[in-house]
Amino acid sequence: MNEKENNKMDKIVSLCKRRGFVFQGSEIYGGLRGTWDLGPLGVALNNNLKREWWKMFVDGREDMYGLDASILMNGKVWDASGHTGAGFCDPLVEDTETGERYRADHLLKDAGHEADGLSLEEIDAIIVDNKIVSPNGNPLSPARQFNLMFESRIGATAGDEGRVYLRPETAQGIFVNFKNVVDTMSPKMPFGIAQIGKAFRNEIAPREFLFRVREFEQMEIEYFIKEAAWKDEFEKLRGDIKKWHTHLGLSEDNIREYEVPDNDLAHYSKRTIDFEYNYPGKGFDELCGFAYRTDHDLKNHMEASGVSMEYIEPDGSRYVPHVLEPSFGIGRAITAVLCEAYTEDEMNGDVRTYLKLPKHLAPNRVAVSPLLKNKPELVEKAREVFTMLKTEFGNVAWDDNGNVGKRYRRQDEIGTPHCIVIDFDTLGQEAPEHTDTVTVRDRDTGEQERVAISDLIQKLK
Ligand code: ATP
């Protein structure tokens, strides 16, 4: 990857910090690896993204039902799903001098070796044969399996009963509520259950900003189908995922579909596609996953809990549905959106940085300011316009810091699509034909036009 691309990522991370999108977690105590906090603009972007997803995948359809399950679940859920076993482990090696821990598969990949689906013995053999050492140049320990779930205990309960985990995915909350949703909503096949929520993974090596963290948010759907229909339904949902990426403003060139080869598929999956984004400085890597998981999960829960997970058709026929799972990580989506939006150009002889965010994602839909903040008549009129727009759009910023040029630069950098300035023309003190009009400046072109206050809402929409 070239230096310019690396630089771009550094600039985005620094902009996120400087402008209040993303802060290091527990920063004043030196941070906590693998955690990040969303600042005022980050939480606005995050909420906009989740709202758009819910609109597209839940409210915009008749075949989806929402859910919000608990993060803490009965420990038996994770036994049945296979997460407490070897299936949810990553191979770990230690630097024998410093004790630092690494993902063995990542070290192998960095050294140019295929690393997916290898046994611990195979990993050890490649490390020895190729004299692979830690990034510090020290010998590595033999590989061992490391389970990624954070474990805790409930209250004062002793033994297995009190064992709980922070959920490593939201999906299992959906499976264990399958019967509840069927019984209460009587959905017709095929249908989906969607959920947005936090997930936790004790990643061995959190890295690359929001890309691999220990606490993150997921937006997941389990889409229940008849087995015979899986190929058709797979194609339809695949198309919906592509539409979602277009809605995020991600260009087709920066998205790639990676068809997971048969020998790498989880044993229960018949087909998995990873949608990858071309992250600057990193190249293509997973953005979200889309898997056909057969009837594996529902069957496991049926067996372990003794509760039927069968769906009964109006004609009385019954079967355990198969399932398609689109699984989106919000942090990776936000990173992709920021990378796509980050733009540098030249304006008035200066290098200008701006975020070309789609209107529906921008933290501020529009910013309003009086030309001068020490002229009460300008401030009063600007306040009127601000209140009108805020009532309509909600996320409208009041900005009277510094001069107008500085305000434009700041709003450009946080991706505000339009800035509105109330000046003496608005008050009818200069050109009478401009009375009750304001200047609307476009973020991307820097062009300004005068718009009547009465036309503003329509214009911005
Ligand atoms: P990877 O191979 O990169 O570890 P994964 O295949 O384990 O990811 P899934 O289990 O398919 O990931 O999880 C679904 C989605 O959740 C991923 O596509 C990603 O967007 C997000 N995700 C998973 N792990 C993390 C993490 N540690 N940090 C941020 N997002 C994550």
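The values are calculated or read from the model by the stated rules, or taken from the named source; none is laboratory data. Just so it is clear, the model here is predicted, and its values are computed rather than measured. So basically every Cβ, Gly included, is an ideal-geometry build from the backbone, and we count neighbours across all protein chains shown.
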Return yes or no: is Leu287 within 16 Å of the ligand (Cβ to nearest atom), in contact with a Phe, Trp or Tyr (Cβ under 8 Å, 6 or more places away or on another chain) and within 15 Å of Gln172 (Cα to Cα)? no
Would you check which residues across the stretch 430-445 are in contact with a helix residue (DSSP H, G or I) (Cβ under 8 Å, 6 or more places away or on another chain) and within 16 Å of Tyr408 (Cα to Cα) and list them? Val438, Val440, Arg441, Arg443
Strands (runs of 3 or more DSSP E) enclosed by the stretch 274-388 - at least 3 residues per element that are closer than 30 Å to Phe191 by Cα: 283-292, 322-329
Are any residues in the stretch 318-333 more than 7 Å from the ligand (Cβ to nearest atom) and within 10 Å of the chain's Cα centre (by Cα), and if so, which ones? Ile330, Ala333
Flag if Asp68 is charged (D, E, K, R), outside the structural domain of Arg144 (by TED's automatic domain parsing) and touching a residue at least 12 places away in the same chain (Cβ under 8 Å): yes
Can you give me the number of residues within the stretch 191-203 that are in contact with a Pro (Cβ under 8 Å, 6 or more places away or on another chain) and farther than 22 Å from Lys50 by Cα? 0
I'd like the full set of residues that are crowded, with 18+ Cβ neighbours inside 10 Å and either within 11 Å of the ligand (Cβ to nearest atom) or hydroxyl-bearing (Ser, Thr, Tyr) (or both), limited to the stretch 252-272. Thr272
Restricting the stretch 190-203 to residues that are assigned to a loop (DSSP other than H, G, I, E, B) and either among the basic types (Lys, Arg) or buried (at least 19 other Cβ atoms within 10 Å of the Cβ) (or both), which is farthest from the ligand (Cβ to nearest atom)? Pro190
Only one of these conditions is not met by Gly87: (1) touching a helix residue (DSSP H, G or I) at 6+ places or on another chain (Cβ under 6 Å); (2) part of a helix (DSSP H, G or I). Which number is it? (1)
Only one of (1) at pLDDT below 95; (2) within 19 Å of the chain's Cα centre (by Cα) does not apply to Asn254, and that is (1)
Which listed residue is surrounded by fewer than 22 Cβ atoms within 10 Å (Cβ to Cβ) and hydrophobic (A, V, I, L, M, F, W, C), from Ala362, Ala367, Ala341, Ala382: Ala341
Of those in the stretch 120-143 that are farther than 15 Å from Ala205 by Cβ and under 32 Å from the mean Cα position of the chain (by Cα), the residue surrounded by the fewest Cβ atoms within 10 Å (Cβ to Cβ) is Leu120
If the requirement is being in contact with a Gly (Cβ under 6 Å, 6 or more places away or on another chain) and of a type outside the set (A, V, I, L, M, F, W, C), which of these qualifies: Asp160, Asp264? Asp264
Considering the stretch 204-235 alone, what residues qualify as being part of a strand (DSSP E or B), over 15 Å from Pro168 (Cβ atoms) and at pLDDT 95 or above? Met219, Ile221, Glu222, Tyr223, Phe224, Ile225
